[in-house]
Amino acid sequence: MLKPGGTIAILEFTEPPDGLLGDFYRWYFCKVLPRIGGLISGDRSAYTYLPKSVARFFRPPELAALMNAVGYRSVDFRAWTFGTVALHTALRAKIICRGRA
């Protein structure tokens, strides 16, 4: 629940855009990280879940469009760490009650 006029902030992992950096990231995230994480923790499945989960997330422009579509205002997002993390912010519209004349 978010009160009218309230601010929402969503911090999420995301995939970087297609291209050389994005391709390298996906290779590392899907092939290398699960092996390293599995060796250290003894549970490789925990590290194969995360890349699959992130791949299903909305890309930042898609989530921003969805937030606009459901009524949030002043929707914005910032991508950091070469596009692997995104922070979305928005305002919930205020409800204006008008009396009867």
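The table for this structure:
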{"item": "Computed [θ] at 222 nm, helices only, for the chain once each DSSP H run of length n ≥ 4 contributes -39500 (n - 2.57)", "result": "-11500 deg cm²/dmol"}
{"item": "Virtual spin-label span in nm between Lys52 and Arg78, 7 Å along Cα→Cβ", "result": "3.4"}
{"item": "Amide N proximity, segment 10-34 versus Arg44 label position 7 Å along Cα-to-Cβ, cut-off under 17 Å", "result": "27-34"}
{"item": "Within the chain: Cβ-based charge dipole about Cα centre, in debye rounded to nearest 20 (Lys, Arg +1; Asp, Glu -1)", "result": "540"}
{"item": "Tensor-based shape of segment 7-92 (alpha-carbon gyration tensor, a/c under 1.5 rounded, otherwise prolate or oblate)", "result": "prolate"}
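No lab work stands behind these numbers, since they all come straight from the coordinates. Quantities reported herein were computed from a predicted structural model and do not represent experimental measurements. Every residue, glycine among them, receives a Cβ derived from its backbone with ideal geometry; neighbour counts consider all protein chains shown.
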